Amino acid sequence: MFHRLSKRIMLIFLLAVMGCTVSVSLFAYLWSERTYVSQYSDMSFNYFQSSNNRLTQFLHYTEETFKMIANHPTIVQAMSEPYFSLDASQLLGSLVLDSNLDIIDVKLYSASGFVYSVAKSLSTQPFELFKSTEPVRGFLERPDEKYLWISRTQAPDGSGDGSADNVFSYLLKVEEPGRMLGTLVVDFDYHELFTFFHTGNPLFNENKLLLIAGSQSLYTPSNNALPELTSEEIGSIQSGNEGRFIAANGKQLVIYSPIVDSSTRMAVLIPLREASSQLSNLKWTLISFVLVYCVLVVYLAYLLRNSIVQPLIHLYGTIDNWNK
């Protein structure tokens, strides 16, 4: 009879105390994990925002620089003339080189059909071909729009239908009152845009950068494989302004934002294992605590059982002797 009572006391005590201990430890770990991931997400977002702000400042500085170049009296005069101006061409080259900006191509398409170009490549895309794409044609047909940031693909021969040289472009209408004189085009290499997101912080060593220029146009830095994102996630990035979310695979934090006011999106995919690895010490500390506490609970349960059962056994023996 007392043997069964002894087992019940041990079982109830162990289940109650050990169950509470494991539950509290598990809750503490999950709460700590959620808190740390949230802090890691905030820190990652700050890193991304800082990098994106530097990129935006660079692009705006470039924009203002080329607005001044396009409004130079000599260039404005050349754009309005029905002939090619060698002086304007040399001046354009000099101003672009003096700006010391990391760009790959600058072109001025005049309304007269002439092209003033400062380019790293020898080929220059004809204006008729340049304006044949829908975004560019739409921009040129809308008089209220003065500039446009856009992603373009340009083949090595300048045909505009390849993907060898993928560029992010700034388009500016060169105008005088009541008359459009031409269009300025400044091209940036995608890889130059990626450099603004490089960091020496070891927490972000395994980041993956992704530039989304269209529904099927995804670009990463050289030698980087395209990250695994679902079509719904890519669509969410394209349609959103800026934000962050955990990828469907649960392994990556995705942060994205538009590049200036274009439809092109820059995204960074940050592995969450960096955040989880920081919790390894806490995990083993909690496991050690639970194991040590379980041993202690077993010992306390043994003492509790004896403190209850032994007096009962002694009392039962005394009563049994009196009955005899």
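Structure above, values below:
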quantity: Ser23-Asp102 FRET efficiency (beta carbon distance; Förster radius 56 Å; 0.05 resolution); calculated: 0.45
quantity: Cross-link pairs Lys107/Lys146; Lys107/Lys208; Lys173/Lys208 - those with Cα-Cα distance over 27 Å; calculated: Lys107/Lys208; Lys173/Lys208
quantity: Computed FRET value (nearest 0.05) for Ser94 with Arg137, which takes r as the C-beta separation and R₀ as 30 Å; calculated: 0.40
quantity: Additional length obtainable on full extension of the chain from Ser112 to Tyr61, 0.36 nm per residue less Cα span; calculated: 15.5 nm
quantity: Contour minus Cα-Cα distance for Asn53 and Tyr83 (0.36 nm per residue); calculated: 6.6 nm
quantity: Straight-distance crosslink candidates among aspartates and glutamates, where the alpha carbon sits under 12 Å from Lys251 and sequence neighbours closer than 8 are dropped; calculated: Glu228, Glu274
quantity: Segment 89-128 - percent relative contact order, Cα under 8 Å, separation 6 or more; calculated: 36 percent
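Every number in this text was worked out from the coordinates using simple rules, so none of it is lab data. Since this is a predicted model, take the numbers as computed values, not measurements. Glycine also receives a Cβ, built like all others from the backbone with ideal geometry; neighbour counts cover every protein chain displayed.
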